[in-house]
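The values are calculated or read from the model by the stated rules, or taken from the named source; none is laboratory data. Note that the coordinates shown come from a computational prediction; the quantities given were computed from them, not determined experimentally. All Cβ positions, even for glycine, are placed from backbone atoms using ideal geometry, and neighbour counts span all protein chains on display.
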Amino acid sequence: MRSGLELWAKKKEKDGIFYWLSLKQHLEDTREIMGLLWEHWLSEGQRIYIANSMKIEEDAAKSLTMLIGAIHDIGKATPAFQIQKGFQNSEDLDLLLMEKLEREGFSGIKDLELTDRGKTPHAYAGEVICRLAGINRGIASIIGAHHGVPMKENYSLMSFVEAYTANFYQEEKEDSPICKKWKATQEELLSWALESCGYKNVEDLPRCPKPTQLLLSGLLIMADWIASNEEYFPLFSLQNEVDHELDDATVNQEDRKKEGTQISERVESAWLKWTQNQTWEATQLFDAKQAYQNSFHFMPRDFQEKVFTEIAGAEDIGLVILEAPMGCGKTEAALMTAEQLAGKQQCAGVFFGLPTQASSNGIFPRVESWVDSLGQENQEKLSLRLSHGKAALNEEFQALSRNYCDGIDLDGEKTQYVYVNEWFSGRKKAMLDDFIVGTVDHLLLMALKQKHLMLRHLGFSKKVVIIDEVHAYDAYMGQYLYMVLQWLGAYKVPTIILSATLPIERRKDLMKYYLKGRGIKEKDIGNFDFLKTESYPLLTFSKGSEVESFSDFQEEKEKKVTLYQLDEENLVDTVKSLGKNGAVIGIIVNTVGRAQRITKDLLGAFPEEEVHLLHSRFIDTDRIKKEEELLKKIGKNAERPKRFIVVGTQVIEQSLDIDFDLMISDLCPVDLLIQRIGRLHRHKIERPKEHSEARLYLMGISGSFDFEKGSRRVYGDYLLIKTQCALGKSISIPRDISPLVQDVYGEWNPSLAPDLRKKYEESKEKQEAVLKKQKMKAKGFRLDKPKLECSDEISLNGLLDNTYIDSEELCQAKVRDIGSSIEVIAVKKNGAGYGLFQEKKDISEELSKASIARKLACQTLRLGESIIHMEREKEDDKEEGLIRYLEDYNRRELPEWQNEAWLKGSLGLIFDENNDFPLKNIVLHYDEKFGLQWHKKEV
């Protein structure tokens, strides 16, 4: 059969030579890659899930997978695609291929013009052809979605064909000879694909539920990208094809066998170039002490050993919720649990998601060490990735990427089993990697309508998922998290949630939505009342439709923190008094502006080297230096200065492993306050005698509930009121953690005088309105819940209807509700050009150097909501207006950035010699000591 051999799938001209790839060859390449991905890249758990979801054997599921690869580009067997010009606009190449088609009987193709050619892109045309041939809608929709966006839900098949008949068959008259020629070609390609994959007809194809369609769609996109990579699958010289064309009738059986051998060698060569490691196969673990010794080189604590034992004794585990205080070894317990669950559920990787880039950076070396031990145990290479917007700044990750060479460290002595697989670089492929540490955005994006969404589902369905610090996610992010949990439940992905502690209702919701994804209704969840406990620490996990909990842990040593009230006007004198004999003092406030003002006040009383400021409005490179300096001075095993004062915002509570002798904090919601306390007396070290007991001084306490305006803006009055009322004269860690959190986030109402009761009720109503608004806002771009049933009507059509997003910045903004925040690259004017703030050098003419462009791309700075609000000239202006203003500025002042891969799409600001940038009605000022500040322009 020649159908597909005369049609082109890819073409190009290089150095005056014409290259091409026949459609049939590309379909064969993709079919075989689909089979190899099924056998060697998917986890055993994924293969079992896909087969079971369609109620067929694994071999039959593999056959379907390969068939999808064999027909994925059948939409290219249309005149609309075949007359498409090459990207390089090589008219001679286009003409040569058209003449080739003319000789094969497609008369008139050379002169064909179609006014609506773009209305039937080949992926959608392929879906239509499949449906016309009788392939069920679900499988056909996978073909239509293989470029990332499925067809609309309510498109009419026959109306679509009637509207664009010539696009499919060259002429409007379907009974004309040329129309019959195109139809016969499409039918022959489909018949070949079915036969090559072991099917007699389309009626033999199974139905599959929507989650399975998403996974197969993701696998197809992945296979198509591999098969379209010319490094793996080179094109052929068209001249050789023309000189050696054979009539199909003269090709004997021996030639066909030879052809098949050549194709096999082609695919084998490509596969060996692409694949760099075997899929991780976790083994079942039975001995906690041995497992911890192998993975972490220490013996487990009571808490860790009991978690191990409970997990080891349970089957069909879905969601695990682990609540425990800071410093008890939750991270290692989570990694060990992930290893256990990977062995039980046949997963082949781990995703570790954290709330911030800083916390991701902090955990990365520990995960790297663990992954290396896994590779060492099995003598295999394992791929690890740090995935967030500033991963290029992380030295550990960059060193791993840069230094890996054939499994040998640069010192040439130690074999290295963890490496960076560069094929998985890029935002769309990153989640397909085996082991990933990253911000939780990447997980939440599973629930956001976006192009190529199916790749995220494919990647996460392969892994065990760990979600850390869940208490840090607000109601808006929670809506995406709950939907993600439903999809993880649908795929039966083992999921581990970590938190210092959770409100009872949040704990119940997490479990409810995960099990809902598995098709279990709330009324059918066994032992659901277990979730109402205030026991602490607490392990909760699902076994099938049952819920188990365990809290019989050895009591941790209590840390009593005495609370004192402090007025801000007395702050400097208090710090002088408390630190006169030496102390490391942490001052954590709720807004950047307050942190900057307090730092200026302290610098009037203390030497500059004793005061350190850290917040989110430093250029990223400056912030990283500041974090590194903190870790060197007051991190674990550091040589601590006699007196050191750190002023910071929430970035301190979320990430850094640092230790304070004494803490001063703004009032904030109790769970976040507990996180801050986690940095107070964190390490076992010798302290100044007067600071041997942990003390916390609270600013912002108000008997009239008139809180500082910045704190109100960030957290709202309601949680501040409840936290203030719940606090006593001390907090005992860990005993008081769960009761305090349950009081503040539960139904408990404080006893208040009538005037304060009114303020409290008003704040409660306002809080409920804000939460309702956040939940409604989150639904706009959120994916629908998974449907597990199979039917002829279930398909991917309409998956991204109404709207979808294909911008990484907008995607992250949508899942975090950070639309009122704009990231820019900050540079400083230098002569006629510009350079980095830290260097007096003009780099504006050196952007073509990748090292310079990359370095420049790291100089990011965030314009927060307060800045956006300040610059508005009208009350109804939104951040989109500022973005348009900055885009115009960049087109005018920095057009060359759009030509550089590291800078394309970025917004830049050129600050003047005084570090100022006029922004509409305000002036931004950057100071390397204080970070970004601003003031209104003088009129």
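Those residues that are in a helix (DSSP H, G or I), of a type outside the set (A, V, I, L, M) and touching a Phe, Trp or Tyr at 6+ places or on another chain (Cβ under 8 Å), I need them from segment 460-486; list them, please. Give the derivation first.
Of segment 460-486, the ones in a helix (DSSP H, G or I) are 460, 470-472, 475-486.
Subsequent filtering for residues that are of a type outside the set (A, V, I, L, M) retains 460, 471, 476, 478-480, 482, 486.
Within segment 460-486, F460, Y482, Q486 qualify.
Are any of the residues in segment 30-44 of a type in the set (V, I, T), under 14 Å from I226 (Cβ atoms), in the same structural domain as L220 (by TED's automatic domain parsing) and surrounded by 22 or more Cβ atoms within 10 Å (Cβ to Cβ)? Full working, then the answer.
The initial filter retains those residues of segment 30-44 that are of a type in the set (V, I, T), namely 30, 33.
Cutting the leftovers down to under 14 Å from I226 (Cβ atoms) gives us 30, 33.
Remaining after also requiring in the same structural domain as L220 (by TED's automatic domain parsing): 30, 33.
So of that shortlist, the ones also surrounded by 22 or more Cβ atoms within 10 Å (Cβ to Cβ) come out as 30, 33.
Looking through segment 30-44, at least one residue is of a type in the set (V, I, T), under 14 Å from I226 (Cβ atoms), in the same structural domain as L220 (by TED's automatic domain parsing) and surrounded by 22 or more Cβ atoms within 10 Å (Cβ to Cβ).
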On the basis of being in contact with a strand residue (DSSP E or B) (Cβ under 9 Å, 6 or more places away or on another chain) and closer than 23 Å to I677 by Cβ, does F644 make the cut? yes
Tabulated pairs, segment 765-786, first at pLDDT below 90 and among the small types (G, A, S), second assigned to a helix (DSSP H, G or I) and surrounded by 13 or more Cβ atoms within 10 Å (Cβ to Cβ), C-beta under 6 angstrom, 6+ apart or interchain: A778/Y476; A778/Q479
Keeping to segment 635-657, report how many residues are modelled with pLDDT of 90 or more and either under 28 Å from R712 (Cβ atoms) or touching a Pro at 6+ places or on another chain (Cβ under 8 Å) (or both). 5
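Is it true that some residue in segment 696-708 is farther than 17 Å from I677 by Cβ, in contact with a Cys (Cβ under 8 Å, 6 or more places away or on another chain) and touching a residue at least 60 places away in the same chain (Cβ under 8 Å)? Give the steps one after another, and end with the answer.
Within segment 696-708, the subset farther than 17 Å from I677 by Cβ is 702-708.
Checking the rest, the ones that are also in contact with a Cys (Cβ under 8 Å, 6 or more places away or on another chain) come to none.
Scanning segment 696-708 turns up no residue that is farther than 17 Å from I677 by Cβ, in contact with a Cys (Cβ under 8 Å, 6 or more places away or on another chain) and touching a residue at least 60 places away in the same chain (Cβ under 8 Å).
Give me the residue from segment 13-52 that is assigned to a strand (DSSP E or B) and of a type outside the set (K, R) and, out of that set, nearest to E104 (Cα to Cα). Reasoning before the result, please.
Of all residues in segment 13-52, those assigned to a strand (DSSP E or B) come to 13-14, 17-22.
Now drop any that are not of a type outside the set (K, R), which leaves 13, 17-22.
On the way: E13: 23, I17: 23, F18: 19, Y19: 19, W20: 17, L21: 16, S22: 14 Å.
By that ranking, first place goes to S22.
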Considering only strands (runs of 3 or more DSSP E) fully contained in segment 583-669, which possess at least 1 residues that are closer than 28 Å to L836 by Cα, over 33 Å from the mean Cα position of the chain (by Cα) and not assigned by TED's automatic domain parsing to the domain that holds E928? 611-614
Considering each residue of segment 506-534, count those that are under 16 Å from S549 (Cβ atoms), assigned to a helix (DSSP H, G or I) and touching a residue at least 60 places away in the same chain (Cβ under 8 Å), and give that number. 6
How many residues does segment 807-855 hold that are modelled with pLDDT of 90 or more and buried (at least 17 other Cβ atoms within 10 Å of the Cβ)? 15
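Can you name every residue in segment 175-234 that is hydroxyl-bearing (S, T, Y) and closer than 24 Å to V267 by Cα?
Looking only at segment 175-234, we keep the residues that are hydroxyl-bearing (S, T, Y), and these are 176, 185, 191, 196, 199, 212, 217, 228, 232.
S191, S196, Y199, S217, S228, Y232 - these are the residues of segment 175-234 that are hydroxyl-bearing (S, T, Y) and closer than 24 Å to V267 by Cα.
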Of all residues being acidic (D, E) and surrounded by 15 or more Cβ atoms within 10 Å (Cβ to Cβ) in segment 535-576, which is nearest to E690 (Cα to Cα)? Just the residue, please. E568
(1) of a type in the set (D, E, K, R); (2) more than 23 Å from L5 (Cα to Cα); (3) outside any helix (DSSP H, G or I) all hold for E162 apart from (3)
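Please find, within segment 682-702, the residue that is nearest to the chain's Cα centre (by Cα) out of those that are part of a loop (DSSP other than H, G, I, E, B) and farther than 19 Å from N637 by Cα. Steps first, answer last, please.
Of the residues in segment 682-702, the ones part of a loop (DSSP other than H, G, I, E, B) are 682-688, 692-693, 700-702.
Filter once more, so that each one left must be farther than 19 Å from N637 by Cα: 693, 700-702.
Details: E693: 41, G700: 36, I701: 38, S702: 40 Å.
Result: G700.
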Tell me yes or no: at least one residue of segment 461-475 is on the phi > 0 side of the Ramachandran plot and within 19 Å of the chain's Cα centre (by Cα). yes
Cβ-Cβ below 7 Å, separation at least six or inter-chain, first residue in segment 195-220 and charged (D, E, K, R), second part of a helix (DSSP H, G or I): which pairs? R207/G138
Filter segment 296-318 down to the residues that are crowded, with 20+ Cβ neighbours inside 10 Å and touching a residue at least 40 places away in the same chain (Cβ under 8 Å) and list them by number. F303, K306, V307, I311, I317, G318
So is K55 part of a loop (DSSP other than H, G, I, E, B), over 28 Å from E265 (Cα atoms) and modelled with pLDDT of 95 or more or not? yes
Output yes when any residue across segment 284-299 is under 30 Å from E231 (Cα atoms) and not assigned by TED's automatic domain parsing to the domain that holds W38, and no when none is. no
Pick from segment 583-603 the residues that are of a type in the set (G, A, S) and modelled with pLDDT of 95 or more: which of them is farthest from Q654 (Cα to Cα)? A583
Can you name the condition, by its number, that L720 falls short on among (1) part of a strand (DSSP E or B); (2) hydrophobic (A, V, I, L, M, F, W, C); (3) in contact with a Phe, Trp or Tyr (Cβ under 8 Å, 6 or more places away or on another chain)? (1)
Please enumerate the residues belonging to segment 896-935 that are closer than 26 Å to L847 by Cβ, among the hydrophobic types (A, V, I, L, M, F, W, C) and assigned to a loop (DSSP other than H, G, I, E, B). A901, W902, L903, L907
Would you say P739 is part of a loop (DSSP other than H, G, I, E, B), farther than 30 Å from K580 by Cβ and in contact (Cβ under 8 Å) with a residue 12 or more places away in the chain? no
